1. In the structure shown, do any of 43/383; 323/411; 8/411; 133/439; 322/449 have a Cα-Cα gap over 30 Å, and if so which?
2. Can you give me the long-range amide H partners of residue 4? Hydrogens built in the peptide plane at 1.01 Å from N, cutoff under 5 Å, separation of 5 or more residues or another chain.
3. What would the Debye formula give as log10 I(q)/I(0) at q = 0.06, 0.12 Å⁻¹ for the alpha-carbon point model of the chain, no solvent?
4. Normalised by the number of residues in the range 338-416, what is the relative contact order in percent for Cα pairs under 8 Å and 6+ residues apart?
5. Could you give me the ³J(HN,Hα) list for the range 4-11, computed from phi with Karplus coefficients 6.51, -1.76, 1.60 and θ = phi - 60°, whole Hz, x at Gly and Pro?
6. By how many degrees, 0 to 90 and rounded to 10, does the Cα axis of helix 367-384 deviate from the longest principal axis of the chain?
7. Rounded to whole Hz and in sequence order, give me ³J(HN,Hα) for the range 447-456 from the Karplus expression 6.51 cos²θ - 1.76 cosθ + 1.60, θ = phi - 60°, writing x for Gly and Pro.
8. Would you pull out the residues with amide H under 5 Å of residue 421's amide H, same chain only if 5 or more places away, H placed 1.01 Å from N?
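Here, each number is a calculation from the coordinates, and none is a lab measurement. Note that the structure is a prediction, hence the values are computed from the model and not measured. We place every Cβ from the backbone using ideal geometry, glycine too, and count neighbours over all the protein chains shown.
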Amino acid sequence: MTPLISVKRLSKSFPGVRALHEVQFELMAGEVHALMGENGAGKSTLMKILAGVYTRDSGEILYDGQPVDFHSPREAQAVGIGIIHQELQLMNHLTVAQNMFIGREPRSRFGLFLDEDKLNEQAREILARMHVKLDPRAIVGSVTVAKQQMVEIAKALSFDSRVLIMDEPTSALNDAEIAELFRIIRQLRDRGVGIIYISHKMDELKQISERVTVLRDGEYVATVATKDTSVEAIIGMMVGRTLSDFTPSHGTADQGEVALEVKNLNAGPLVRDVSFALRKGEILGFAGLMGAGRTEVARAVFGADPVESGETIVKGEKVTIKKPSDAVAHGIGYLSEDRKRYGLATGMDVESNIVMSNLRKFLALNFVLRRNQMRRTASHFIKLLAIRTPSAAQQVRLLSGGNQQKVVIAKWLERDCDVLFFDEPTRGIDVGAKSEIYKLLRALADQGKAIVMISSELPEILRMSDRIVVMCEGRITGELSAALATQERIMQLATQRETLKAA
Ligand SMILES: Nc1ncnc2c1ncn2[C@@H]1O[C@H](COP(=O)(O)OP(=O)(O)OP(=O)(O)O)[C@@H](O)[C@H]1O
Ligand SMILES: [Mg+2]
């Protein structure tokens, strides 16, 4: 059988970066093919070349056995190659339906006006097929990141592609949404669509893929059948070494003084009467389903969203936090889950992003000293977090997704806050860098920082937290010590709805 796509000796360099070197890859019709590799390995670059976003330097791409050369995403789309990008590319001010059909909206009879009704109807149909509850007329900027991700997926599906590329489609989805997506993927596969699936979640690849291709440092490592290969073996191919350190990491907390206390906080429907205390040297896990209100609590404490009532006490003193700069002045930092919107100045270079939040410290120095200090700081964090970049002068938007995430972390570490909220700190981060980030969080706690870690990955919560707070529908439904917490117990609390409790 002729492969749907066959890539041979493909190379691509950017200024200062060899992103792909003589890579091969093959996709059959009716196959889900996972593409794995560490942050910066070249996965997105390879996919963008297939989708016509980038052009290759050398090598060959055969589509249905015929050599092809796409010069724009439109050309690739026209022959049936669709892509869901890692970074959402929606227009925030347009509606769901408008986003799905951007550039190919149905026109009214005289071709003058857009036929909004028809547009909404078509969008509604596709969303219904996906079992997604979403109003096609909703403004995209006002819906959750998970819903936005669903819109991207719906948009790609609307093209009737023969090849569908999914670059980390589940990073913002909850378990039920992921199950729904997998159902759709299997349906497409059974209809003969070839699907390329990129994810850092190892369990997903086992569930959904038939074959796996691994890239490392821009080079092809191997293609294997998923069912014959262990997760450990795949990780080994990705990182070129074996990872050992997966033991739980807990501190000796609970003797530290209280660094932050939040009392009876109310802020919108997802923050109802929330109270918790956080000690120095402690990692407090915030568990719950997507949409339970954990991010909203962090944002309210940080002053990013208006608060209706409640008290925030920092080191024994009641403080008023009305905006993020107030929070920072009181030593509270928040690493957002949505790096693009809140975390980074993506048009600026890596160094500026890292030192930006702490410019005052550097401005106190004379010019030469300042330059040197800033450089040293940036290179310290680049090394510490293994940020893959040709230099500190590289623009952040040119880094791979996972490496952008690391820059956000560096930025907040540099700021030296006493209390840090980490919101999904390892989302989109590869397995190797994940364990580095775990070590780092623990080291920060050991230095006396107080840390809240919001995470939707239960193994991560269980592994890292000294104590775990569980939320459901805006309320804290329970608190567990590290010793007593189990996945089952957390899930119980995470689904303990107010209405049921009352009954
Ligand atoms: N437009 C660009 N300009 C310069 N360098 C780039 C550009 N796009 C990607 N790179 C670099 O190419 C390398 C491969 O990046 P790519 O985005 O393909 O990685 P990835 O495997 O998708 O990683 P992640 O898992 O973090 O998404 C990285 O070093 C990245 O910084
Ligand atoms: Mg990528």
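1. 8/411; 133/439
2. Those qualifying (amide H under 5 Å, at least 5 residues apart or on another chain) are 27, 28, 29.
3. -0.30, -1.20
4. Reported as a whole number, the value is 47 percent.
5. 5, 10, 9, 10, 10, 6, 7, 10
6. For 367-384 against the chain, the angle is about 70 degrees.
7. These are the phi-based 3J(HN,Hα) values: 6, x, 6, 9, 10, 9, 10, 8, 8, 9 Hz.
8. 333, 334, 335, 452
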